[in-house]
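Below is one structure, written out as structure tokens, with a few remarks after it.
Derivation of every value follows stated rules applied to the coordinates shown; laboratory data play no part. Values in this document were obtained by computation on a predicted structure and should not be read as measured data. Don't worry about glycine lacking a Cβ; one is built from the backbone with ideal geometry, like all the others, and counts go over all protein chains shown.
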2 protein chains.
Amino acid sequence: MIDEIQKHILEEVADLHSVPEGAYNIRANGQMAGRNTTANIDIVSKTDKSGIDIRIKPGTKHESVHIPVVLSASGLKEVVYNDFYIGEDCDVVIVAGCGIHNCGNQDSQHDGVHRFFVGKNAKVKYVEKHYGEGDGDGKRILNPVTEAYMEEGSTMEMEMVQIKGVDSTNRMTTAELASGAKLVVRERLLTHGDQHAVSGYTVTLNGDDASADVVSRSVAKDHSYQKFDSRIVGNAKCTGHTECDAIIMGDAKILAIPQLEANNIDAALIHEAAIGKIAGEQIIKLMTLGLTEEEAEAQIVNGFLK
Amino acid sequence: MIDEIQKHILEEVADLHSVPEGAYNIRANGQMAGRNTTANIDIVSKTDKSGIDIRIKPGTKHESVHIPVVLSASGLKEVVYNDFYIGEDCDVVIVAGCGIHNCGNQDSQHDGVHRFFVGKNAKVKYVEKHYGEGDGDGKRILNPVTEAYMEEGSTMEMEMVQIKGVDSTNRMTTAELASGAKLVVRERLLTHGDQHAVSGYTVTLNGDDASADVVSRSVAKDHSYQKFDSRIVGNAKCTGHTECDAIIMGDAKILAIPQLEANNIDAALIHEAAIGKIAGEQIIKLMTLGLTEEEAEAQIVNGFLK
């Protein structure tokens with residue numbers, strides 16, 4: 001059911017070279033292309049709309065769920081709703097990724113709405129990779145919505161990566177944290193050509209000792225445009241940190257709008273942002289080692305987004 | 001023409017104990033209460049609306065202009081337009097300040113719109129202090145608008161201070177910088193009671209080697225609310241830095257929304273923000289030296305806003 005193009009995309013977005021271990025649900029061109037459940041992880045298709053419910057039993061440890069999506073037909077537009085119910089005391093890895101191969105003239109678009117209900121003291125590592133390829137005129141559009149509802153003492157680590165080839169993206173992530181919950185976000189974003197990327201985070205710290213650390217690193221090349229919009233709201237005794245480091249290249253434009261909102265005397269919130277180009281000395285140093293200017297730039301960009 | 005209350009307010013907003021040296025224009029309760037011009041600095045009342053034109057001859061050095069405003073009548077609302085034309089190669093100090101003494105039941109409001117046309121290579125130090133007092137139910141409202149148009153190689157240093165007693169303020173500052181121009185802003189803001197303060201900066205760096213450094217330090221006490229909204233736009237080879245440090249006390253709320261907008265590969269922009277309460281250790285340290293908790297807090301706040 002999976003062809004060569006789709007296999008290649010699966011490698012890019014989910015590091016999958018074969019059928020994954022553990023639970024998985026592979027979606028290709030709007031259809032289910034494979035599913036596996038385990039004793040602890042159930043996956044059920046929604047009946048009222050497109051999407052799946054993933055239910056992970058309390059106490060499930062060291063298991064993973066892969067839910068990659070592949071679009072290789074030009075002109076396909078879909079909205080998919082996936083809900084994750086993660087029981088108390090779980091320790092799981094969830095890998096979601098979407099790759100679009102568009103060789104046609106019509107726009108292809110996948111909008112994934114992911115909701116995470118993270119039970120008490122559960123630990124979740126969530127990896128989301130977005131990738132586009134194909135030389136058609138049709139655009140590759142990805143608008144992910146991610147919502148996390150984190151109960152007492154839960155931990156979630158989000159790794160959000162847009163590698164390359166996505167023409168337009170509007171990423172919205174919200175998280176609400178109860179007491180002692182901890183959210184770590186690492187975003188890496190590369191835009192090139194005429195690409196347009198908007199990334200917004202709203203993290204609300206509602207419980208005592210909740211903490212959030214949201215760090216975005218991005219590179220904007222050519223004529224691309226990036227907007228980073230991060231909001232941390234402290235309603236309790238909590239700590240929040242958000243950081244946005246961006247490298248600007250060519251004729252790109254970058255707008256960073258971090259917001260800190262302290263509604264409680266015990267909320268400690270910090271923000272840092274820096275936008276700049278690659279330092280000339282760094283390039284010259286690598287060129288004296290034998291690299292061309294392009295190679296030097298590529299190496300610096302790769303290191304920055306690592 | 002100046003009574004005792006007005007004298008006291010002049011001391012607070014302009015450090016004036018007597019008639020100032022150099023050029024001045026004192027405005028009291030909507031009327032001119034004193035004016036002095038010099039060979040190099042002319043002050044003329046506008047004929048089409050309320051306000052004055054201040055014209056400083058090219059090359060004027062080490063002269064000052066004081067334009068304090070005093071409102072001691074309850075219920076007075078005024079909008080005043082003051083335009084400063086600062087000639088090339090000047091080096092001058094401009095002190096503007098507004099104090100409101102409101103013992104009545106009606107709101108008193110002064111909205112000052114200040115425009116600065118800063119000539120090539122001119123240096124301007126601008127000090128603006130806002131202060132309110134009086135125990136009436138009427139509010140003390142100050143909405144200053146500051147616009148700076150800075151020509152090549154000019155320098156402007158703005159010291160913007162709201163000491164206390166202003167119930168509501170909406171401060172909007174914009175600056176446009178040509179090549180080699182340099183803007184330094186130091187804002188200090190204290191809010192208490194149910195006060196409401198919004199402070200917005202938009203600094204546009206249009207010329208090569210233009211630079212801006214905007215630093216705000218604020219303390220929000222009691223039930224007060226502060227919003228800091230700072231936007232630096234880099235359209236050329238330029239450097240911009242904005243920083244917002246805020247101390248939150250009591251049931252205050254603080255919102256910081258800095259924006260960095262890089263539209264040029266050679267724009268280097270940095271932002272930092274931190275909101276937090278006074279560290280407990282700092283208070284305990286001062287209390288072991290014999291201060292009460294309130295005295296310790298007051299000393300820390302004063303030091304922070306120095």
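Largest first and in whole Å, give the semi-axes of the stretch B:41-102's equivalent ellipsoid, each being the square root of 5 times a Cα gyration tensor eigenvalue.
27, 14, 7
Take the Cα pairs of the stretch B:97-249, get the Kirkwood Rh, then feed it into Stokes-Einstein at 25 °C and 0.890 mPa s and tell me D in µm²/s.
154 µm²/s
For a Förster distance of 41 Å, can you work out the FRET efficiency between the beta-carbons of residue A:198 and residue A:50, rounded to the nearest 0.05?
Efficiency, rounded to the nearest 0.05: 0.95.
So what does log10 I(q)/I(0) come out to for the stretch A:136-182 at q = 0.15, 0.18, 0.19, 0.34 Å⁻¹, using the Debye formula with one equal point on every Cα and no solvent?
For the stretch A:136-182 at q = 0.15, 0.18, 0.19, 0.34 Å⁻¹, log10 I(q)/I(0) is -0.53, -0.65, -0.69, -1.24.
Can you pull the one-decimal nm distance between simple spin-label points at residue A:105 and residue B:125, each 7 Å off the Cα toward Cβ?
Each label point lies 7 Å from its Cα, and together they span 6.8 nm.
Please identify which residues in the stretch B:179-199 have an amide N closer than 11 Å to a label point set 7 Å out from the Cα of residue B:222, following the Cα→Cβ vector.
B:191-196
Would you mind checking the stretch A:101-131 for residues with the amide N under 14 Å from a putative spin-label position 7 Å along Cα→C-beta of residue A:305?
What the label zone holds, given the 14 Å backbone N cut-off, is A:129-131.
Among B:282, B:226, B:195, which one shows the highest mean-square fluctuation when chain B is modelled as a Gaussian network with alpha-carbon springs under 10 Å?
B:282
What are the extents of the Cα atoms of the stretch B:217-303 along their three principal axes, in Å, largest first?
So the three principal-axis extents are 54, 26, 16 Å.
Over all residues in B:249-259, what is the mean tally of Cβ atoms on other chains that come within 10 Å of each residue's Cβ?
Across the residues of B:249-259, the mean count of other-chain Cβ atoms within 10 Å is 5.
Express as a percent, rounded to the nearest 5, the fraction of DSSP beta bridges in the protein assembly as shown (both residues included) that run antiparallel.
10 percent
Determine the alpha carbon to alpha carbon distance for each of A:57/A:129; A:227/B:237; A:237/B:182; A:49/A:125; B:123/B:253 and list only those over 29 Å.
A:237/B:182; B:123/B:253
Restricting the count to DSSP beta bridges whose residues both fall in the stretch B:39-128, what percent are antiparallel, rounded to a multiple of 5?
Counting only bridges with both partners in the stretch B:39-128, antiparallel ones make up about 15 percent.
Given that compact globular proteins tend to follow 2.2 N^0.38 Å, what is the ratio of the alpha-carbon Rg of the stretch B:242-293 to that value?
Normalised by 2.2 N^0.38 Å, the Cα Rg of the stretch B:242-293 equals 1.77.
Taking a quarter of the surface of the convex hull around the Cα atoms of the stretch B:164-271, what do you get in nm²?
It is 5.8 nm².
State, to one decimal in nm, how far the label point of residue B:284 lies from the label point of residue A:164, with both points 7 Å from Cα in the Cβ direction.
Result for the modelled spin labels: 5.5 nm.
Name the most mobile residue of B:221, B:49, B:129, meaning the one with the largest mean-square fluctuation, in a Gaussian network model of chain B with Cα contacts below 10 Å.
B:49
Using every alpha carbon pair in chain A, what percent of pairs falls into each 20 Å bin from 0 up to the bin containing the largest distance?
Spelled out bin by bin, chain A gives 32, 57, 11, 0 percent.
How many times 2.2 N^0.38 Å is the alpha carbon radius of gyration of the protein assembly as shown?
1.15
Below 9 angstrom from the Cβ of residue B:116, what's the summed charge of the other residues (Lys, Arg +1; Asp, Glu -1)?
-1
Would you calculate the volume per residue, in Å³, of the smallest convex hull containing every Cα atom of the stretch A:1-160?
95 Å³
Anyone know which of A:67, A:278, A:247 comes out most mobile in the 10 Å Cα GNM of chain A?
Per the Cα network of chain A with a 10 Å cutoff, A:278 tops the list.
Quote the charge dipole size of the stretch A:83-165 about the Cα centre in Debye, to the nearest 20; the model charges only the Cβ of Lys and Arg (+1) and of Asp and Glu (-1).
It comes to approximately 200 debye.
Where Rh is the Kirkwood radius over the Cα pairs of the stretch A:1-94, the temperature 10 °C and the viscosity 1.306 mPa s, what D in µm²/s does Stokes-Einstein return?
Estimated diffusion coefficient is 114 µm²/s.
Which Rg and Dmax, in Å, describe the Cα atoms of the stretch A:80-150?
15.4, 48
Please get the size of the charge dipole for the protein assembly as shown, origin at its Cα centre, with Cβ charges of +1 on Lys and Arg and -1 on Asp and Glu, quoted in debye to the nearest 20.
340 debye
Taking 8 Å as the Cα distance limit and 6 or more residues as the minimum spacing, I'd like the relative contact order of chain A as a percentage.
Value for chain A: 10 percent.
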